[in-house]
Structure formats: C-alpha cells, structure tokens
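The values are calculated or read from the model by the stated rules, or taken from the named source; none is laboratory data. Please read these numbers as outputs of a predicted model, since none were measured by experiment. With ideal geometry, Cβ positions are generated from the backbone for all residues, glycine too; neighbour counts draw on all protein chains shown.
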Amino acid sequence: MLKNKYFSTSLGLYMNYFVQGIQAIIISQNINNFAENWNTTTAGVMGVIAATGIGKIIVLLFSGMLADKFGRKPIALIGMVGYICFFGGLILCNNLTLAYVVAFTAGAATSFLDGATYPALMEIYPDRPSVASVIVKGFIAAGGVAPLFISFLRTNNFWYGWSLVLPLAVVAVNFIFMMTAKFPDIKGKEVAKEEKAEEAKFSSKPKFYLEGIFLMAYAFFIFGTFYLWQQTSTLYAVDIVGMSDVASSSLVTIYSLGSFIAVLLTSVIMSKGIKDITVMIVYGLVATLLLAMVYLIPSQLTLTIGSFGVGFFAAGGVLQIGNAMLSQFFPEGKGRNTSLYNVFMAGASYVVPVLVQTLMAGDFTRVMLLAVAFSTVCFVLALLIGMRYSKVFGAKIGNKFGKTADANSK
C-alpha cells in the first residue's frame, strides 16, 4: 500500500476518520459541561446527539451520488469544512437551539466524507477493498484517546474546550493538504476495468433485494450495537455499577484500544486468506456472548472485558467490511452503494440516542439488554449474508483459508 501513487491521498482521507473518532464521542464525554452551557439536562444533551443522526440521514440520501457525479475530492472537502464548523461551533455555542444546528452539521459532514471516502479508497486500492475499508476503523479507534485527554483536563481543572481546539486544528491543517491531493479518475478506463473484473467473479447473479437488504440492515444493527455502547457505557458504569468518573471514562479508551487492535489483526488475517464474511459471522457471535455477559453480571470486571470485546468484535471494522462487500456484490456506483449503506447506519445514530433517552427515564439497565438484541440480529444477518455469499461467489464460508473477495480481484 505504501508504494501506491495515491498513498498520500489515502493518508489524508484516513486522518479525517481520526477526527471523526473524536467527533463521535466529544459531546457525550463533555456531557456535563455542555448541559451547563446550554442550560439543559444530560438527557437534553443526548437529544442533541440524536440531531447528528438526522444530519447523517438527510445528506446520505445524495452524498454518494454527488461523489459519483462530481468526483470524490470536492465532496470530501465539503465534509472537512463541516467538521471545522462543528468543532468551532461547539466552542462558541451557548444555547440548546444552536447546539442542535452544530450537531446536525457534524452528521452532514460525516455523510459527505463517507460518500466520498469509501469509494475513493476502493479505487485507490482495488485489489484490497475490504482491507482498505477496515483501516478506516483503525483511525476512528485512534480517536479514542480523546477521553484520556478529557480526563486529564478535568483532573487538572483545565478548560474542557482544549478537547475541541485540537481536533479543529488537525482537520484544518488536513484540509489545506487535501486541497492539492490527487484522486483516481472515477470515469477513467482503469476503474471501469476493475468493475468488469469484479462482475466476472460471480457464479450466480446477485440480487439487491436479498444481499443489498441484508447488508443495509446489518449496517443499522452493527452500528447501533457499538454506538449504543460508545454513548452509554460511561453512564452505565457510574449509575449501575458504581464506578468512579475517572474509571468509567477509561472504558471508552479500552473500547477504542480493542477496535484498534482488531483492525490490525483483521487486516492481517484477511490478507492471509480468511474470508470477510467469515470475520463478520465469528465476530458477531462473540460480541453477542460478551454483551450478554455484561447484562447478566454487571461489574467493573465485566464492563472492562466488555469494553475491549465490543471494541474488537463489533467496532473493529466489520461495519466497513459490510460496506466493501456491498460494492463487491454490486460493483457499479460505489458512491451510491455507500450512501445507501450508510443511510441505514445513520438511522441507528438517530434511533439509539432516542431509545437511550427513553431508558434513562425508566430502567437504565435495559440499555444493555438492547445492545444484546442488536448484536444478536447482526449475527443472524451475517449468517444470511454468508449463505448468499456462498451462492454468488461459489465459495464455502466454512473454509478457514482460501481466496477472499479481495484476493480474487488481484
């Protein structure tokens, strides 16, 4: 990958996801500060987080199509401008109404980036689309250092806003770099040739009403699983288990560590021949078992194990693998595919905070039961996708080694 002529471009695209990893948790990690600034409750701040999901859903309806039509670069740059507005807006925001606007902007920015970045990475690395997509998660996971920094600021009585200034600076510098970055020509012969080569691999013609629907539903439930944990594990640790603020904050970092290690390991095993669908099935089963353990035996130990496990098996790249698989089943219109896939993912980013807001008013322990239910659905969907994978690509998913979809495209 280092020898690729677009390597510097891919690195800039990946850096945006380091910032996204911070963006996804920055409001919940500073929830008490924002509740005071906006003159609302912590439940009210969760409602603001839900506005991020609305922004994602609306923009995802057309961001991928715009990236197919006008190119990946301008759409990615729009997303970066959105992140600059988000972090800058949070620094200046002092009321709940403006907070909703700022959160909506973050969701819209994420959708512009997703609609342009995933297709661009598949075109930059056509022989390893799933691996290139999984690495995105590694950079998102690296953003999990934010809770440690926020804890440091809180412990030393420093201004919490430094946790906003630093990611703002990163995305601003990266924007300047990406202004001159070169991207593959999406209308060129090279990309068209790759699409035809991918279609030639089919043993049976894929059906969008099967594989497409299964994968988009998978996007909703797998994102819902780890987003639920990401947004509630800290509160759950304090309110249900009785952990301290500092100890509970470390759970998000442990979760991110699990995600980061999973990206490294998953990338290696997939490059060695383990099928992407096999990863989805096995990871889904283990994630469900771990979440069930946390629900049945809530303690600091199980929450710590669960944080690492959910990060590894639910948030360690399987969402990105699902997106890459959708374009393997349906090679044409990668931007459109990414938009459709991420619309369902974004739906979870709205539904989950709303459900959490409801559970906070009642039995908050049920939030973990909800996570178990989401993960179970993911496992079942992965099995269904696996059945179709075997038929379309003529491969047995039970084989430990063999040609993956990535390997077949070499």
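Here are some notes:
- Scanning the stretch 73-92 for residues that are closer than 19 Å to THR232 by Cα and either touching an Asp or Glu at 6+ places or on another chain (Cβ under 7 Å) or surrounded by 23 or more Cβ atoms within 10 Å (Cβ to Cβ) (or both) turns up nothing.
- Restricting attention to the stretch 48-68, the residues that are under 12 Å from ALA108 (Cβ atoms) and either among the aliphatic types (A, V, I, L, M) or touching a Phe, Trp or Tyr at 6+ places or on another chain (Cβ under 9 Å) (or both) total 12.
- Neighbours by Cβ (under 7 Å, 6+ apart or cross-chain): first from the stretch 318-345, on the phi > 0 side of the Ramachandran plot; second of a type outside the set (A, V, I, L, M) and at pLDDT 85 or above: GLY333/ASP68
- Here ALA35, ALA43 are screened, and the one residue that is among the hydrophobic types (A, V, I, L, M, F, W, C), modelled with pLDDT under 90 and closer than 23 Å to CYS93 by Cα is ALA43.
- At least 2 residues being surrounded by fewer than 16 Cβ atoms within 10 Å (Cβ to Cβ) is the threshold, and among the helices (runs of 4 or more DSSP H) wholly inside the stretch 204-297 those reaching it are 245-271, 276-296.
- Of the helices (runs of 4 or more DSSP H) that lie entirely inside the stretch 1-106, those containing 1 or more residues that are more than 24 Å from GLY138 (Cβ to Cβ) and over 17 Å from the mean Cα position of the chain (by Cα) span 31-37, 42-70, 72-92.
- Residues being part of a helix (DSSP H, G or I) and of a type in the set (Asp, Glu) - total across the stretch 320-367: 0
- Test: residue in the stretch 142-155 that is of a type in the set (Phe, Trp, Tyr) and closer than 22 Å to GLY335 by Cα: no
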